[in-house]
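Take a look at the structure below.
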Amino acid sequence: MVIVLKKNISESDKKSIKDFLSKNKFKINEITGEEETIFGAVGKLSIDPREVEILPGVDRVIPISKPYKMASREFKKDDTVVEITNIRGQVIRIGGLRVCVIAGPCAVENREQMFTIAKKVAESGAVLLRGGAYKPRTSPYAFQGLGEEGVKLLKEAGDAYGLPVVTEIVSASHIPVMKDYVDVFQIGARNMQNFELLKSVGALGKPVILKRGLSATIQEWLMAAEYLLSSGTDKVILCERGIRTYETATRNTLDLSAIPVLRSLTHLPIIVDPSHAVGIRDKVPPMALAAIAAGADGLIVEVHCNPEKALSDGAQSLYPEQFEKMMRDVQVLSPVVGREVSHLKQDRVYENPVSHRERGLPETETIVSYSGGQGAYAEQALLHYFDGKIKEEALPSFDHVFRAVADGKCDYGMIPLENSLAGSVYENYDNLYRYQDISIAGEIKLRIEHSLLAPEGSDISKIKSVYSHPQGFAQCREFLKEHPQWTLIDTPSTSDAARIVKEKNDITCAAIASEINSGIYKLKALCTGIETDPRNYTRFVVIGRTGEFTVENPQKATLVFSTPNDPGALYKSLEVFHKYSLNLTKLESRPIQGQPWKYRFYIDVTLPNGGVVLKKAFEELTVIAEEARILGLYSERN
C-alpha cells in the first residue's frame, strides 16, 4: 500500500509509522517528491489499511491491487524521470516528454573502435554510449567480450565525448569490477528473471535498464522490475527488445503494443531496442520510428563503423551514416507526437567575457538566439533586455530557438508569447510545455510599430503582394482592409519579409515590418505606423536551460496544468490562487494532443513576495490537477 504523509508531519510521527509497519512485516520505501512524501509499504496485507490511516501524520492510504507494487501506477501516478549526470555535469533525463537515444556497438572490441564510434554517435545526437564488455552468447565458442578491460575502455570513450555509459551485467560477481565505471547497468533478456542478480544490482541504487525476457509476459516483466525497485533503486527503465514467436522473418517480434499497455500500468520510462528486435540492419530505422510513434521514451541502437567485421551482431548494427539519417528522422517525428529529442550540451569557446551577474547570467560571452533575421522585433527585444552585451544568433524558426537552448548551443533564446492586438503565439506556449528542460528566465515588452516597406521607385498604388509574419498581418488588420486587392503571403518573421522583398526587387511587392529594416535592406517606407492600435505591444520572454540560471526575488510565474473532466474542476484549480491572494494576469487554454475536448491551461501569476506563497499554492494545485508544472519564475525588464 501507499501511505501519503501529511505535509507538516513531525519526525517522531514519521518514525512511529515506520515502526508500526516494520512490526507488521512490511518493507518500507520512503519517496520524497516535490509535492508530497509517501511510504511504499510492500508485504502481505495482514492488517486493515484503516489502522494505518488513523496514525498521526498520515494523510491517506492507497491500497495497491497489482502484484507488482512499486512499479504500478497505483504506487506512483506521475511518470518517473530517470536522471543521469555526465562527466560535464549535464543532467540527462529519460522519461517525460523527452526522446533519448542510446547508441554504440554490440561489443567493445578495442580502444580505436570505441573512440571512433563514440565520436560518431555523439555528433549525430546520442546521449548515452552502449557497449558490451561481458557478452552472454548462445554459443560458448562465440566472442564473450573483453571483460574488465572492455568496461574501462567503454568508460574512457564515453567520458571523452560526454556520454554516460550503458553496459550489460551478467553476474553479480562482476559488480566490484563494474560499479565504478558503469553509469547505467543493463539486465539482458536472458537474465530478466535472474532474481538474485536483480537484487544485487538493485541494491547499488544506480539506474538500470531492464530488458524484456524472450518469452516474458508484461506482468512477469513488471514483477522483475519490482525486484529491482524493492532492492533499493528507484531508477528503472524498461526496454522492449522483441519476443520469441513462431515468426522467423526477423530475429524476434517487436511488440510495440507493449508500450501503450505499459503506459497505463506503470510509471517507469519505456525504451525500445529495434536492433535486437529485428536483427536486420535496414529494418532497424523504420522500427525505431514506429517505436517513437507508439510513445517510447527512447531507443537503444547498435552502431558500428565496420559492421561486416564486428565480433558480435554485425548484421543488425547500423553504419554511422545510417544512424545519423535515423536521428534526423527521429528529430522530425518527435514534435509530431508532442516530444523533444534530448541532446548533449555543446562545449563552446567564449570571447570578450562580460558580466551579467545581476541577472544571473554567466560571466562569459552570452549567446542569445531568436527567430528571424537582422531587424526582427525579437532582435530588438534581446538588444534592449541584454543592453547589447551579447552575441546574437539568428535562427529560422521558434522551434530552432528552443532546440538551440536545450542543446546548449546558445545560453538563452528570445521568443514572443503574445501581442496586445493579435493575441497569443500558440506555437510557443506548446513549445514551453514540450521542452521540459527549458524555463522562462525573464520578460520584456516591446512597442511594435509597423511600416509598409518596398523597393525604391514603388508607391502604394503599385503594390500587389505583401509579405509578413501572420502576427504582422493581424496587427495591421484595419490598414489591410483598405487594400483588399493585395495578396498576403506569410513569412517566418517580419524581417524575413523585408529580406524577401529586397531580394525580389519588384516594385509590386512590399513587406510589413519594423522601419528599422528599411535601412538594413535599403527599402523605402511607403507608410509608417500602420498597426491598428498605437498601443501595440509584444510580450517577449527569455528562455534558458532549467537550473542553469538564477532569478532573485522573481516578480512573476508562468504555470501549466490540466484538470480532470469533472464539473467544477477548473474552478477548484483557480480557487487555489484566490485562496493565497495571487493575482492571475493571464489564462490561456490549449487542446491536449490526442485527447479530444481536453485542455491544458497556462496561467501567469504576479508574485508579491518572491514566490514564497506560490510554493504552497502549487502544492495544493498538484492535488487537484491531473498534471501541473511551473514553467518559470522571473521578472520583467523595463
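The values are calculated or read from the model by the stated rules, or taken from the named source; none is laboratory data. Keep in mind that this is a model prediction, so the values were computed, not measured. Ideal geometry is used to build each Cβ from the backbone, glycine not excepted, and the neighbour counts take in all protein chains shown. In case anyone asks, the SASA skips ligands and DNA or RNA and just uses the protein heavy atoms, side chains included. Shrake-Rupley method; radii C 1.70, N 1.55, O 1.52, S 1.80 Å.
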Q: May I ask which residue of Leu452, Gly202, Gly594 lies farthest towards the positive end of the charge dipole of the chain, with charges of +1 (Lys, Arg) and -1 (Asp, Glu) on Cβ and the Cα centre as origin?
A: Gly202
Q) All other residues with a Cβ under 14 Å from the Cβ of Lys445 taken together, and with Lys, Arg as +1 and Asp, Glu as -1, what is their net charge? A) +1
Q) In a shell of Cβ-Cβ distance under 12 Å around Ile270, excluding Ile270 itself, what net charge do Lys and Arg (+1) and Asp and Glu (-1) give? A) -1
Q: Go through Lys7/Lys199; Lys235/Lys615; Lys464/Lys502 and tell me which ones have a Cα-Cα distance over 22 Å in this structure.
A: Lys7/Lys199; Lys235/Lys615
Q) Which whole-angstrom value gives the distance between the alpha carbon centres of the range 131-205 and the range 576-638? A) 44 Å
Q | Charged-residue dipole, Cβ positions (Lys, Arg, Asp, Glu), the range 153-299 about Cα centre, Debye nearest 20 | A | 200 debye
**Q.** Span from the the range 211-272 Cα centroid across to the the range 489-555 one, whole angstrom
**A.** 50 Å
Q) aspartates and glutamates near Lys309 by alpha-carbon distance under 19 Å, same-chain residues fewer than 8 away left out - which ones? A) Glu109, Glu112, Asp282, Glu321
(Q) Quick check for me: using +1 on Lys/Arg Cβ and -1 on Asp/Glu Cβ, what's the dipole size of the chain about its Cα centre, in debye to the nearest 20? (A) 1160 debye
Q. Quick one: ranking Ser573, Ser12 by accessible area, 1.4 Å probe, largest first, what do you get?
A. Ser12, Ser573
(Q) Quick check: with the 1.4 Å probe, what order do Lys66, Lys27, Lys522 take by accessible area, largest first? (A) Lys522, Lys27, Lys66
Q. At a 1.4 Å probe, what is the % contribution of carbon and sulfur to the accessible area of the chain?
A. 51 percent
Q: Could you go through the range 198-204 in sequence order and give the Karplus-derived ³J(HN,Hα) for each residue, using 6.51 cos²θ - 1.76 cosθ + 1.60 with θ = phi - 60°, rounded to whole Hz, and x for Gly and Pro?
A: 4, 5, 5, 6, x, 5, 6
**Q.** Computed accessible area, Lys579, all protein chains, 1.4 angstrom probe, square angstrom
**A.** 120 Å²
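With all protein chains present and a 1.4 Å probe, how do Phe323, Phe143 order by accessible area, largest first?
Values: Phe323 0, Phe143 55 Å².
Heavy-atom accessible area, descending, gives Phe143, Phe323.
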Q. For Tyr181, which sequence-distant residues (separation of 5 or more, or a different chain) have an amide H within less than 5 Å of its own amide H, given hydrogens modelled in the peptide plane?
A. none
**Q.** Structure-derived Kirkwood radius over Cα pairs in Å: which label, when the choices are [x] 35.8; [y] 27.3; [z] 26.4
**A.** [y]
(Q) What lysines does Lys409 reach when the alpha-carbon gap must be under 19 Å and sequence neighbours fewer than 8 apart in one chain are set aside? (A) Lys119, Lys120, Lys345, Lys389, Lys391
Q. Any idea how far the Cα center of the range 77-105 sits from the one of the range 287-323, in Å?
A. 19 Å
Q. Can you give the charge dipole size of the range 58-103 about its Cα centre, rounded to the nearest 20 debye, using +1 on the beta carbon of Lys and Arg and -1 on the beta carbon of Asp and Glu?
A. 60 debye
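Excluding ligands, DNA and RNA, what is the solvent-accessible area per residue of the chain at a probe of 1.4 Å, expressed in Å²?
On a per-residue basis, 43 Å².
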Q: Could you name the aspartates and glutamates whose alpha carbon sits less than 19 Å from that of Lys524, not counting residues in the same chain fewer than 8 places away?
A: Glu449, Glu456, Asp459, Asp496, Glu503, Asp506, Glu515
Q.
Among Ala293, Val236, Leu262, whose Cα projects farthest towards the positive end of the dipole of the range 224-293, with charges put on the beta-carbon of Lys, Arg (+1) and Asp, Glu (-1)?
A. Ala293
(Q) I'd like to know which of Ile520, Ile415, Leu311 lies farthest towards the positive end of the charge dipole of the chain, counting +1 on Cβ of Lys and Arg and -1 on Cβ of Asp and Glu. (A) Leu311
Q | Glu51 - accessible surface, heavy atoms, 1.4 Å probe, Å² rounded to 10 | A | 80 Å²
Q. 222 nm [θ] for the chain, helices only, -39500 (n - 2.57) per DSSP H run of 4+, per residue, to 500?
A. -8500 deg cm²/dmol
